[in-house]
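Report on one structure; see the data block that follows.
The values are calculated or read from the model by the stated rules, or taken from the named source; none is laboratory data. A quick note: this is a predicted structure, and the numbers were derived from the prediction, not measured. Please note: Cβ atoms are built from the backbone with ideal geometry, for glycine as well, and neighbour counts cover all protein chains shown. We work out accessible area using only protein heavy atoms, side chains counted, and drop any ligands, DNA or RNA first. Shrake-Rupley method; radii C 1.70, N 1.55, O 1.52, S 1.80 Å.
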Amino acid sequence: MDAGFLSNLSSPPLLFFFLGAAAAAVRSDLEIPAPVAKFLSLYLLFAIGFKGGVALSKGDLDGQALSGLGAALVLACLVPLYAFALLKRRLGAADAAALAATYGSISAVTFVTATSYLDSSGVAWGGHLVAAMALMESPAIIIGILLYRLYGHADGATGERINWGELLREACLNGSVFLIVGSMVIGWITGERGMTVLSPFIGDLFIGMLCLFLLDMGIVAARRLRDLRRGQIGVARGTGSAFLLAFAVGLPLANALVALALARLLGLSEGDALLLVVLGASASYIAVPAALRLALPEANPSIYLPLSLAVTFPFNLLVGIPLYHELVRRVVLT
Amino acid sequence: MDAGFLSNLSSPPLLFFFLGAAAAAVRSDLEIPAPVAKFLSLYLLFAIGFKGGVALSKGDLDGQALSGLGAALVLACLVPLYAFALLKRRLGAADAAALAATYGSISAVTFVTATSYLDSSGVAWGGHLVAAMALMESPAIIIGILLYRLYGHADGATGERINWGELLREACLNGSVFLIVGSMVIGWITGERGMTVLSPFIGDLFIGMLCLFLLDMGIVAARRLRDLRRGQIGVARGTGSAFLLAFAVGLPLANALVALALARLLGLSEGDALLLVVLGASASYIAVPAALRLALPEANPSIYLPLSLAVTFPFNLLVGIPLYHELVRRVVLT
Amino acid sequence: MDAGFLSNLSSPPLLFFFLGAAAAAVRSDLEIPAPVAKFLSLYLLFAIGFKGGVALSKGDLDGQALSGLGAALVLACLVPLYAFALLKRRLGAADAAALAATYGSISAVTFVTATSYLDSSGVAWGGHLVAAMALMESPAIIIGILLYRLYGHADGATGERINWGELLREACLNGSVFLIVGSMVIGWITGERGMTVLSPFIGDLFIGMLCLFLLDMGIVAARRLRDLRRGQIGVARGTGSAFLLAFAVGLPLANALVALALARLLGLSEGDALLLVVLGASASYIAVPAALRLALPEANPSIYLPLSLAVTFPFNLLVGIPLYHELVRRVVLT
Amino acid sequence: MKPCKRLEIVIEQPLARRLAERLDELGAPGYTVLSNASGRGDRGLRRGDEVTDTFTNCLFIVACDDDAVVERIVDGVRPLIARSGGVCLVSDALWVKH
Amino acid sequence: MKPCKRLEIVIEQPLARRLAERLDELGAPGYTVLSNASGRGDRGLRRGDEVTDTFTNCLFIVACDDDAVVERIVDGVRPLIARSGGVCLVSDALWVKH
Amino acid sequence: MKPCKRLEIVIEQPLARRLAERLDELGAPGYTVLSNASGRGDRGLRRGDEVTDTFTNCLFIVACDDDAVVERIVDGVRPLIARSGGVCLVSDALWVKH
Ligand SMILES: Nc1ncnc2c1ncn2[C@@H]1O[C@H](COP(=O)(O)O)[C@@H](O)[C@H]1O
Ligand SMILES: Nc1ncnc2c1ncn2[C@@H]1O[C@H](COP(=O)(O)O)[C@@H](O)[C@H]1O
Ligand SMILES: Nc1ncnc2c1ncn2[C@@H]1O[C@H](COP(=O)(O)O)[C@@H](O)[C@H]1O
Ligand code: NA
Ligand code: NA
Ligand code: NA
């Protein structure tokens, strides 16, 4: 484990995440302008989607791939259910539902970092995992809203009827979901030929763009953490932030174990198993918050966003990926 | 024709245009931030200008090249005249003049897409065509304003005197015109040596940047089309939008035929002929609208912009380029 | 000298600087959106920092390197002292201190251009010069503020106590200083391995990004020069702008001579000597103005910014670098 | 110049589309939107630094010379703000008619 | 604090330079410009999503404590707005003098 | 709707953080910030085209229904503006409470 652990810790993208966090911690005025950060995030979604699509086009979609997709879907529906059950009594229904959606969904950047971790470790992984990722983004949002509707009434949930069309649109046609899926389809259509013309853009530049994006993520995450500590962004009154912090580390670990069990059950390969575990353990801080502000404004974004972005995300990058890799090696590959 | 047609249809840039259009059609919140879209457009102008200049520096500017430039200029002056004649009675003088300017000028992105179509088809083309493109951007603007001044009075054109200096500046020193011409000159000065240091930036990344830009164009074009249909951006009262739609497809075809005749007359090569035809058939949605808002604010941008961006542009990309290529093969090369 | 001089003059980055200046001079509306310009500047700092760090990691930090760093530090402390002494009587204490800080600090883009000038001339240079550059950014700011505190009282300097913590933060943790230093550290940690994954991004694209950034610099510099001439940005009343212009060319030359003497004293290599001279001669227009607006708002940015950006910067790019190179060849290498 | 009311509404960026549609329905004669605002209020800091605009605001300015419409807008905007946060200010102005 | 008029002008982005020059000529003591606004008015939606700013607005704010100048500005701005669209509002404010 | 004062402060971008902190200290109930403004005043043009925001402004809007706090803010903001330039306007408005 050590070599992998250290190599991950000292990879440029991760170091740039820390650099960003350090900049915010010492209150440097280093800043990535918002439109540039959005561009970097669009680039990453575009590149990972396209690569996944090209991989799929090479006949990757066999039985094992399909069972992997199935496992991903199961995971995406299961996690929000037990997360909500766990949280409902401690937080209000709205915040519990929002956290359930956040942790049931996935973080594309964590996934992307895991793929580049695998690439640099020389472990193969299947393009259908990108499809699995895309598949896992939306269900948790819908399940979260449903749970809020079912359990939120006592809690003062407004009687307003759900506009199902709008909810589906916000969950499934969210910009980042749409771009990943669309790029994947285009990658699948154009295949190797498309890869040839696009590889300097989406292949060679990938790590550099990821470094800059993680620099920004580091800045934002450290700010959110500070705001969280200073109570500037109002943590839930009743619940100690110790509980929330424990949750933001504990739930990913639990999810990782569930994913691990699924991976072993289906006999996934080393790379695919790791990616499935990473998907399970990761929490969304792009697609879900964007959708929740529209569909569940009652939930406090100052809870679910800092937890997923400033706690779970660096935890997964730093400790999670190498730890899950070790677990995969011990549990799945034996 | 079929192979070319299909290969164009399934090229990544075009597919990303459709992806953008689809995003806007289903009202996804996918969006390229405005400064990023501007950057992509600056990049494309920079790259195509520089490449053209380098090509020119290789002694490309012989008799045939000069006659090609002449043909381009004739085309740029002729088109606005007959377009205005056609439109004057149906629309007011201002809108007719604006459309004449729009269709007399060119679309750099359509041109760029045609060059990458040629590159991927292995057909050679001359760098002086970039000069031809630059040459064709401005004249139609000036002719359009002149026509409005000549014919607009009955129409209530304000007696305000034209500030010729300002008009020339807005037409010829427009940001995008300036950048193409400037990059071309720099490419011409630095030649092969400049190309060596810049080719990873302007060569290798080109298709990727074009994909992202066309993604944005797709989003914007589909929005404009919807606004047009909902009358949100007030189409001319008197004129049915059916006429306008027919115009936005018919005029490019007519212009293509005129350009085809010129190309045959001058005996241009396959690649050069196609590019000349594409220049003739394309309509501006960057340089001309920017200049018209200053020089001819009486004209309604909700007419000329959606027509050129949301109708003519995708028509040329989708149907036009392969169709013109087929015509060139049949008419010019025989 | 001639070949070098011409090759520098006709390098694409410099030509794009002129293109930008020309655009602003003829009042074209060509413009790089502010977030994009910021991105380009972040990219350059990231790339040069990382490259320098990688170079350092190759065991570059021997005695000669350390003495080079020492020379840089001496230069950074010396220049603001004599600059202030020169200016105090002619300008107020605030403006004199601000100019002292500006010219004592360095311009990363001038440095970067000098490194690409060396690369294209095939002259080697040491990665520790990047460290020297980072080291030279901040001291002059602190010295400038101190000088103002010491000499500014008669001048009406408010008695406000200095917040030293904040001053140090603004001088040393300024965004651009932080990014260069941080990238250098990361480059140093990841070494050759990091370079391999990042070189398409920070190596191949470098010249292209520099071209676009200098295009923007050209636009902004020409605007500032015009504003300066039109008095739009209020030059100091008492002092003729002729004096200021002479200062903006003369001081860099004087600094270059001091740096030259240091380089000869220490027996630096050709490349290292040129870079030290360029650092001495260059004036800051990014880190220092950002810090001064916070720490010394009494100083008029309309004096120090146009002088360093619109006079000294192009002077160094155009005349300075080849001239200093010639001087290095004659004085240091004999 | 015609007397009118000037409404100024700060709301989260993700709700901008919804507010614009509501203003259309309520008969606002027009509006101007400034995006990418940051701010602080009862719900804490919104730094405007998120890729998703979750902590970003926008500002709507509405000039309206019909008092009935102004009232309708105020009533229509109130629940949006109550649910997601924000501010709505109303002041007097003169509208330069052309 | 000095009583003054607060002018607020929404105009197309491409005309921003022209309006700024006109304000200078008319003697405005200063102005602040917020760019990249979107909006809706009589001339339809301006989404602010065009590479060329054709459908983008900007907002000028002018504080002016000289009524004669205010009048001149209003008269000077009116034809620009009449030709290309936009809004001009005038309201009362107090200017904190330093 | 509750009567309140509407403060509008234009200040250099680099001072935005400092002003925000001062508003917090002075007890402002909230504020909204619009960045990347350009403008002209006594200190000349600020085009907002600098990589470092040296010539860029930002606009703070503060709604405050406590007159004592308004006065404190005005007094607290004045020295900042006097030192670095800017404008502070105060006007009346109604705050739509939810
Ligand atoms: N008193 C205020 N003055 C100006 N803007 C405010 C004020 N209170 C809140 N806001 C704005 O409204 C947003 C949401 O406010 P709130 O719902 O109170 O958290 C804040 O982020 C601010 O941009
Ligand atoms: N009633 C209004 N309130 C606020 N802004 C308006 C209003 N009417 C028009 N505008 C702004 O002015 C621009 C041009 O308006 P118009 O010329 O009426 O199309 C619109 O895009 C809006 O940004
Ligand atoms: N009369 C005014 N109206 C609106 N904004 C102003 C006015 N005067 C100054 N400003 C703004 O405040 C900034 C600094 O002003 P000053 O300190 O006067 O140079 C300017 O760049 C403008 O953005
Ligand atoms: Na998950
Ligand atoms: Na044309
Ligand atoms: Na220096």
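Once region C:272-289 is narrowed to residues that are within 14 Å of chain F (Cβ to nearest Cβ) and more than 11 Å from ligand 6 (Cβ to nearest atom), the residue that is farthest from the chain's Cα centre (by Cα) is C:P289.
Okay, residues lined up against (1) of a type outside the set (F, W, Y); (2) within 16 Å of ligand 1 (Cβ to nearest atom); (3) without any contact (Cβ under 8 Å) to a residue 60 or more places away in the chain:
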position	(1), (2), (3)
A:F46	no, no, no
A:G52	yes, no, no
A:L56	yes, no, no
A:L61	yes, no, no
A:S67	yes, no, no
A:L73	yes, no, no
A:A76	yes, no, no
A:P80	yes, no, no
A:R89	yes, no, yes
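Just one of the listed residues (E:L15, E:L89, E:L7, E:L34) is under 30 Å from D:R22 (Cα atoms) and within 16 Å of ligand 1 (Cβ to nearest atom), namely E:L34.
Within the group F:E71, F:E8, which residue is modelled with pLDDT of 95 or more and under 11 Å from the mean Cα position of the chain (by Cα)?
Values: F:E71 fails: under 11 Å from the mean Cα position of the chain (by Cα).
It is F:E8.
If the condition is being within 7 Å of chain C (Cβ to nearest Cβ) and surrounded by fewer than 24 Cβ atoms within 10 Å (Cβ to Cβ), then region B:179-200 contributes B:I189, B:T190, B:V197, B:P200. Note on region C:43-68: residues that are under 16 Å from the mean Cα position of the chain (by Cα) and within 19 Å of C:V277 (Cβ to Cβ) amount to 1. When B:L274, B:L257, B:L266 are checked against the criterion of being modelled with pLDDT of 95 or more and open to solvent by 10 Å² or more (accessible area, probe 1.4 Å), a single residue qualifies: B:L257.
Within region B:239-246, does at least one residue satisfy the condition of being out of contact with any strand residue (DSSP E or B) (no Cβ under 6 Å at 6 or more places or on another chain), among the aromatic types (F, W, Y), more than 16 Å from ligand 5 (Cβ to nearest atom) and open to solvent by 20 Å² or more (accessible area, probe 1.4 Å)? Within region B:239-246, one or more residues are out of contact with any strand residue (DSSP E or B) (no Cβ under 6 Å at 6 or more places or on another chain), among the aromatic types (F, W, Y), more than 16 Å from ligand 5 (Cβ to nearest atom) and open to solvent by 20 Å² or more (accessible area, probe 1.4 Å). State the number of residues belonging to region E:41-71 that are over 24 Å from D:D65 (Cβ atoms) and either in a helix (DSSP H, G or I) or within 16 Å of ligand 4 (Cβ to nearest atom) (or both). Matching residues across region E:41-71 total 2.
Could you identify the single residue in D:R6, D:R46, D:R78 that is basic (K, R), facing another protein chain (nearest Cβ under 7 Å), open to solvent by less than 30 Å² (accessible area, probe 1.4 Å) and more than 16 Å from ligand 5 (Cβ to nearest atom)? Among D:R6, D:R46, D:R78, only D:R6 is basic (K, R), facing another protein chain (nearest Cβ under 7 Å), open to solvent by less than 30 Å² (accessible area, probe 1.4 Å) and more than 16 Å from ligand 5 (Cβ to nearest atom). Exactly one residue out of A:F243, A:F201, A:F213 is of a type outside the set (S, T, Y) and modelled with pLDDT under 95: that is A:F243. In region D:62-73, the residues that are closer than 14 Å to D:P3 by Cα reach residues that are part of a helix (DSSP H, G or I) and open to solvent by 10 Å² or more (accessible area, probe 1.4 Å) with C-beta atoms within less than 7 angstrom, at least six apart or across chains, in these pairs: D:C64/D:V70. Looking at region A:89-103, is at least one residue of a type in the set (S, T, N, Q) and either surrounded by fewer than 18 Cβ atoms within 10 Å (Cβ to Cβ) or modelled with pLDDT under 95 (or both)? No, the conditions are met nowhere in region A:89-103. Listed conditions (1) within 16 Å of ligand 3 (Cβ to nearest atom); (2) open to solvent by less than 10 Å² (accessible area, probe 1.4 Å); (3) farther than 22 Å from F:V77 by Cβ are all met by E:L59, apart from (3).
Summed over region E:9-32, residues that are assigned to a strand (DSSP E or B), touching a helix residue (DSSP H, G or I) at 6+ places or on another chain (Cβ under 7 Å) and either open to solvent by 10 Å² or more (accessible area, probe 1.4 Å) or more than 7 Å from every other protein chain (Cβ to nearest Cβ) (or both) total 3. Would you point out which residue out of A:E298, A:E326 is over 19 Å from A:D227 (Cα atoms), open to solvent by 10 Å² or more (accessible area, probe 1.4 Å) and within 9 Å of chain D (Cβ to nearest Cβ)? Checking each option against the conditions leaves just A:E298. Across region C:32-82, the number of residues qualifying as over 27 Å from F:D49 (Cβ atoms) and among the aliphatic types (A, V, I, L, M) comes to 16. In the set C:A98, C:A114, C:A94, only one residue is away from chain B (no Cβ under 14 Å) and within 16 Å of ligand 3 (Cβ to nearest atom); that residue is C:A94. How about region E:81-98: which of its residues are surrounded by 20 or more Cβ atoms within 10 Å (Cβ to Cβ) and in a helix (DSSP H, G or I)? Selection gives E:I81 alone.
For (1) more than 16 Å from ligand 5 (Cβ to nearest atom); (2) under 26 Å from C:G194 (Cα atoms); (3) open to solvent by 10 Å² or more (accessible area, probe 1.4 Å), each residue gets a yes or a no:
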{"position": "C:E31", "(1), (2), (3)": "yes, no, yes"}
{"position": "C:A47", "(1), (2), (3)": "yes, yes, no"}
{"position": "C:G52", "(1), (2), (3)": "yes, yes, no"}
{"position": "C:G59", "(1), (2), (3)": "yes, yes, yes"}
{"position": "C:A65", "(1), (2), (3)": "yes, yes, no"}
{"position": "C:A71", "(1), (2), (3)": "yes, no, no"}
{"position": "C:P80", "(1), (2), (3)": "yes, no, no"}
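Would it be correct to say that A:S120 is within 11 Å of another protein chain (Cβ to nearest Cβ) and over 26 Å from A:A248 (Cα atoms)? Judged against the criteria, A:S120 is a match. Just one of the listed residues (C:V36, C:V54) is part of a helix (DSSP H, G or I), modelled with pLDDT under 95 and either more than 16 Å from C:T110 (Cβ to Cβ) or more than 13 Å from chain A (Cβ to nearest Cβ) (or both), and it is C:V54. Inspect region E:10-22 for any residue being in contact with a Lys or Arg (Cβ under 8 Å, 6 or more places away or on another chain), over 30 Å from F:R72 (Cβ atoms) and within 12 Å of ligand 3 (Cβ to nearest atom) and give the result as yes or no. Yes: one or more hits.
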